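Engineer: The structure's right below; bear with me while I get my questions together.
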Amino acid sequence: MVERVLVTGARAPAALDNARSLKAAGFEVHMADCVPARIARRSNAPIAVYRHSSPVYRPAEFAQDIRRLIDRIDPIAVVPTCEEVYHLAALAEAEGWSDKLIAPPFETLATLHHKGRFAVLCDELGLPVPTTTVVTDSAGLMHEALDADVVVKPAWSRFGSQALIKPDAAALASPRPSPETPWVVQSRVKGEEVSFYAVAYDGVLKAFSTYRSGWRTRGGAAYVFTPLAEPVFDRLRTSAEALARVVGRGQLACDAIVDAAGQPWLIECNPRATSGAHLFGRSAAIGRALLGRDIARPGHESWRNSIMLDTFGLADALRTQRLIAWRDERRLSHDILAAPRDPLPPLGALMDAAGFGLKALASGQGLASAMTADIEWNGQPLTPALWERP
């Protein structure tokens, strides 16, 4: 009998590669999102791609859509990809199907997502983390950050889009911390930014990859992913193993700064899929690992978002005189969008990018915010009353 898996957050390239891996492992893959997710619709990996309501803007309809999807598909597992994971975890706990969700309990997700609570957790686990202070008012922010070598950012945030590095008084006047929207002040570690991605099941690592990127947008989003070697790989794996015991089951990722001595310092956590998923080469092993049925190991090749490298990357290469490096990345790395016998997702990704761009213009948001506003979670209560049937 075929085993069905539902992958949510279908807008993301990581979701598509997870779907490809699950298909390679023999599962019947279904995908869903609250946007058109044309990147997934143009792929032959999923049997079908479904549209559900936004958990942020229409939570009751979202809950009803998810109920109907689960009843219709009857999946053995639901694998979240993006920030819908928080809404799904709270809904699953309220309605009794957490056993299907490949994610930790909601409170664990909240601890990992909140940059201050994550730092406290790392201290308790003995993991290297910069000194981090949570502030809930403007006076506290000025006191902790003015004339200090620190990084300031919202406790609930993503992509580093609002981070302030060693801010002056004028920059510190803009944030408005409050108990509902706390910020963190974190001592600044100088070095190279790296990341890891992991899959945990029953508290044990089932997959682990580390990577760096020399190609990023001005907002900090990476679009080329180069695997890291020892000893940083091993040091980050030790941290991932400790966090896996806390997570129990699900995907998790961390950003870190490697200092001049080669020590990686964990600066924040994303308890969801990230681009490190691509480093497993869409193997059946990572598909099985997502459900705790195998151990997957990453490859040694670099991966790229071809659209981003050919646009943002080319412009950056011309500006910084890195055309030879750009050409080599384009020639030697693998595309995360297209795949053998699955060539059309890049077209869907272009259509998605145009849609998000129009949304950003219409709403006055930045592009990164427009891409997540309908699914993100920033600490607001998620209670069963939100999901009463419409």
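The values are calculated or read from the model by the stated rules, or taken from the named source; none is laboratory data. Here the structure is a predicted model, which means the values were calculated and not measured. Counting neighbours? That spans all protein chains shown, and the Cβs are built from the backbone with ideal geometry, glycine included. The protein model used for the area step is the full one, side chains on, heavy atoms only, and it has no ligands, DNA or RNA in it. Shrake-Rupley method; radii C 1.70, N 1.55, O 1.52, S 1.80 Å.
Engineer: What are the pairs, 6+ residues apart or on separate chains, where a residue within region 100-123 that is in contact (Cβ under 8 Å) with a residue 40 or more places away in the chain has its Cβ under 7 Å from a residue that is crowded, with 20+ Cβ neighbours inside 10 Å and acidic (Asp, Glu)?
Structural biologist: Here the result reads Lys115/Glu268; Phe118/Glu268, each pair linking region 100-123 to a residue that is crowded, with 20+ Cβ neighbours inside 10 Å and acidic (Asp, Glu).
Engineer: I'd like the full set of residues that are touching a Leu at 6+ places or on another chain (Cβ under 7 Å) and outside any strand (DSSP E or B), limited to region 199-245.
Structural biologist: To start, the set of residues in region 199-245 that are touching a Leu at 6+ places or on another chain (Cβ under 7 Å) comprises 199-200, 209-212, 215, 223-225, 227, 239-244.
Trp215, Tyr223, Ser239, Ala240, Glu241, Ala242, Leu243, Ala244, listed by residue number.
Engineer: Which residue, of Val185, Val194, is under 21 Å from His300 (Cα atoms), outside any loop (DSSP other than H, G, I, E, B) and at pLDDT 95 or above?
Structural biologist: Details: Val185 fails: under 21 Å from His300 (Cα atoms).
Exactly one residue qualifies, and that residue is Val194.
Engineer: Could you tell me which of the residues Tyr201, Tyr211 is under 17 Å from Arg297 (Cα atoms), at pLDDT 95 or above and within 16 Å of the chain's Cα centre (by Cα)?
Structural biologist: Details: Tyr201 fails: within 16 Å of the chain's Cα centre (by Cα).
Only one candidate qualifies: Tyr211.
Engineer: Exactly one of these conditions fails for Glu124: (1) surrounded by 14 or more Cβ atoms within 10 Å (Cβ to Cβ); (2) at pLDDT 95 or above; (3) part of a helix (DSSP H, G or I). Give me its number.
Structural biologist: With respect to (1) surrounded by 14 or more Cβ atoms within 10 Å (Cβ to Cβ); (2) at pLDDT 95 or above; (3) part of a helix (DSSP H, G or I), Glu124 is out only on (1).
Engineer: On to the next question. Of all the residues that make up region 52-75, how many are crowded, with 18+ Cβ neighbours inside 10 Å and free of Cβ contacts under 8 Å to residues at least 12 places away in the same chain?
Structural biologist: Counting residues in region 52-75 that are crowded, with 18+ Cβ neighbours inside 10 Å and free of Cβ contacts under 8 Å to residues at least 12 places away in the same chain gives 0.
Engineer: Further question: I'm trying to understand the selection: among the residues of region 127-142, which are in contact with a helix residue (DSSP H, G or I) (Cβ under 9 Å, 6 or more places away or on another chain) and open to solvent by less than 40 Å² (accessible area, probe 1.4 Å)? First the steps, then the outcome.
Structural biologist: Initial filter on region 127-142 (in contact with a helix residue (DSSP H, G or I) (Cβ under 9 Å, 6 or more places away or on another chain)): 127-135, 138, 141-142.
Across region 127-142, the qualifying residues are Leu127, Pro128, Val129, Pro130, Thr132, Val135, Leu141.
Engineer: Also, I was wondering about something else. Of the residues Ala60, Ala45, which is among the hydrophobic types (A, V, I, L, M, F, W, C) and not in a helix (DSSP H, G or I)? Don't jump to the end; show me each part of the working.
Structural biologist: Values: Ala60 fails: not in a helix (DSSP H, G or I).
Every option except Ala45 fails the conditions.
Engineer: Same structure, new question: Quick one: which residue in Val78, Val49 is open to solvent by less than 20 Å² (accessible area, probe 1.4 Å), in contact with a strand residue (DSSP E or B) (Cβ under 8 Å, 6 or more places away or on another chain) and modelled with pLDDT of 95 or more?
Structural biologist: Details: Val49 fails: open to solvent by less than 20 Å² (accessible area, probe 1.4 Å).
Of the residues listed, the single one that is open to solvent by less than 20 Å² (accessible area, probe 1.4 Å), in contact with a strand residue (DSSP E or B) (Cβ under 8 Å, 6 or more places away or on another chain) and modelled with pLDDT of 95 or more is Val78.
Engineer: I'd like the residue in region 206-234 that is without any contact (Cβ under 8 Å) to a residue 60 or more places away in the chain and open to solvent by less than 40 Å² (accessible area, probe 1.4 Å) and, out of all such residues, is nearest to Val247 (Cα to Cα). Reasoning before the result, please.
Structural biologist: From region 206-234, those without any contact (Cβ under 8 Å) to a residue 60 or more places away in the chain are 212-213, 216, 218, 222, 228-234; that's our starting set.
Of the ones still in play, those that are also open to solvent by less than 40 Å² (accessible area, probe 1.4 Å) are 213, 222, 228, 232.
On the way: Ser213: 26, Ala222: 25, Leu228: 24, Val232: 22 Å.
My answer is Val232.
Engineer: Another question, then. Please state which of the following conditions Asn18 fails to meet, knowing it meets all the rest: (1) in a helix (DSSP H, G or I); (2) under 22 Å from Gly281 (Cα atoms); (3) open to solvent by 10 Å² or more (accessible area, probe 1.4 Å).
Structural biologist: The single condition Asn18 does not satisfy is (3).
Engineer: Mind checking which residues of region 279-330 are over 24 Å from the mean Cα position of the chain (by Cα) and among the hydrophobic types (A, V, I, L, M, F, W, C)?
Structural biologist: Leu314, Ala315, Ala317, Leu318, Leu323, Ile324, Ala325, Trp326, listed by residue number.
Engineer: Checking Ala338 against (1) in contact with a Pro (Cβ under 6 Å, 6 or more places away or on another chain); (2) touching a residue at least 60 places away in the same chain (Cβ under 8 Å), which test does it fail?
Structural biologist: In the conditions (1) in contact with a Pro (Cβ under 6 Å, 6 or more places away or on another chain); (2) touching a residue at least 60 places away in the same chain (Cβ under 8 Å), Ala338 misses (2) alone.
Engineer: Taking the residues in region 183-194 that are open to solvent by 10 Å² or more (accessible area, probe 1.4 Å) and not hydrophobic (A, V, I, L, M, F, W, C) as candidates, determine which candidate is nearest to the chain's Cα centre (by Cα).
Structural biologist: Checking each candidate, the answer is Glu193.
Engineer: Yes or no: region 167-179 includes at least one residue that is within 23 Å of the chain's Cα centre (by Cα), within 25 Å of Gly366 (Cβ to Cβ) and surrounded by 15 or more Cβ atoms within 10 Å (Cβ to Cβ). Full working, then the answer.
Structural biologist: Taking region 167-179 as the starting set, the residues that turn out to be within 23 Å of the chain's Cα centre (by Cα) are none.
No, because not a single residue in region 167-179 is within 23 Å of the chain's Cα centre (by Cα), within 25 Å of Gly366 (Cβ to Cβ) and surrounded by 15 or more Cβ atoms within 10 Å (Cβ to Cβ).
Engineer: Would you point out the residue of region 81-99, among those that are touching a helix residue (DSSP H, G or I) at 6+ places or on another chain (Cβ under 6 Å), part of a helix (DSSP H, G or I) and touching a residue at least 40 places away in the same chain (Cβ under 8 Å), that is most open to solvent (accessible area, probe 1.4 Å)?
Structural biologist: Looking at residues that are touching a helix residue (DSSP H, G or I) at 6+ places or on another chain (Cβ under 6 Å), part of a helix (DSSP H, G or I) and touching a residue at least 40 places away in the same chain (Cβ under 8 Å), I get Ala94.
Engineer: Out of all the residues in region 335-390, which are in contact with a His (Cβ under 8 Å, 6 or more places away or on another chain) and of a type outside the set (Val, Ile, Thr)? It would help to see each step written out before you state the result.
Structural biologist: Here is the first cut: in region 335-390, the residues in contact with a His (Cβ under 8 Å, 6 or more places away or on another chain) are 336, 375, 377, 379, 382.
Passing the criteria: Trp377, Gly379, Leu382.
Engineer: Can you tell me which residues in region 297-346 are farther than 19 Å from Gly276 by Cβ, in contact with a Phe, Trp or Tyr (Cβ under 7 Å, 6 or more places away or on another chain) and open to solvent by 40 Å² or more (accessible area, probe 1.4 Å)?
Structural biologist: Listed by number, the residues that qualify are Phe312, Leu314.
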